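Trainee: Sharing a structure below in structure tokens format, with a few things to ask.
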Amino acid sequence: MEIRRGQVMRSLAGHDKGDFQVVLRLEGAFAYMADGKRRRLEAPKKKKQMHLSPTRTVLGEECLSTNRQIRTALAKLQRADND
């Protein structure tokens, strides 16, 4: 599966293990991730792609403009995952 901007990923390693995050940009083997809370748009987390598990969910550009929109979208996924 090809990783692209807006794709929701689950972290497989690190302090954020198990959390959902969204891809903001890709650079080589790294992805810059944000969750809207701990990792905001202004300071995304640089994470190796091998430490991420892709989901089928891709957020549109309109959901990537503010931290609040990212938090809201990821919270819906988290609730669905817990059900």
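Trainee: If I ask for residues that are small (Gly, Ala, Ser) and either free of Cβ contacts under 8 Å to residues at least 40 places away in the same chain or on the phi > 0 side of the Ramachandran plot (or both), which ones from segment 1-22 would you list?
Mentor: Taking segment 1-22 and keeping what is small (Gly, Ala, Ser), we get 6, 11, 13-14, 18.
Of everything in segment 1-22, those that are small (Gly, Ala, Ser) and either free of Cβ contacts under 8 Å to residues at least 40 places away in the same chain or on the phi > 0 side of the Ramachandran plot (or both) turn out to be GLY6, ALA13, GLY14, GLY18.
Trainee: Let me ask something else about it. Are any residues in segment 58-80 in contact (Cβ under 8 Å) with a residue 40 or more places away in the chain and either within 17 Å of LEU12 (Cα to Cα) or among the aliphatic types (A, V, I, L, M) (or both), and if so, which ones?
Mentor: Narrowing segment 58-80 to residues in contact (Cβ under 8 Å) with a residue 40 or more places away in the chain: 58-61, 63-64, 70, 73-74, 77-78.
Across segment 58-80, the qualifying residues are VAL58, LEU59, LEU64, ILE70, ALA73, LEU74, LEU77, GLN78.
Trainee: Could you list, in sequence order, all residues of segment 6-30 that are touching a strand residue (DSSP E or B) at 6+ places or on another chain (Cβ under 6 Å), surrounded by 14 or more Cβ atoms within 10 Å (Cβ to Cβ) and either β-branched (Val, Ile, Thr) or assigned to a loop (DSSP other than H, G, I, E, B) (or both)?
Mentor: Listed by number, the residues that qualify are GLY6, VAL8, LEU12, ASP19, VAL22, VAL23.
Trainee: Do any residues in segment 23-44 that are under 19 Å from GLU61 (Cβ atoms) have Cβ atoms under 6 Å from those of residues that are polar (S, T, N, Q), where the two are at least six apart or on different chains, and which pairs are they?
Mentor: Qualifying pairs under 6 Å: VAL23/GLN7; ALA31/GLN49; MET33/GLN21; ASP35/GLN21; GLY36/ASN67; ARG40/ASN67; LEU41/ASN67.
The numbers here are math on the coordinates, done by the rules we state, and not lab data. Keep in mind it's a predicted model, so treat the numbers as computed, not measured. So basically every Cβ, Gly included, is an ideal-geometry build from the backbone, and we count neighbours across all protein chains shown.
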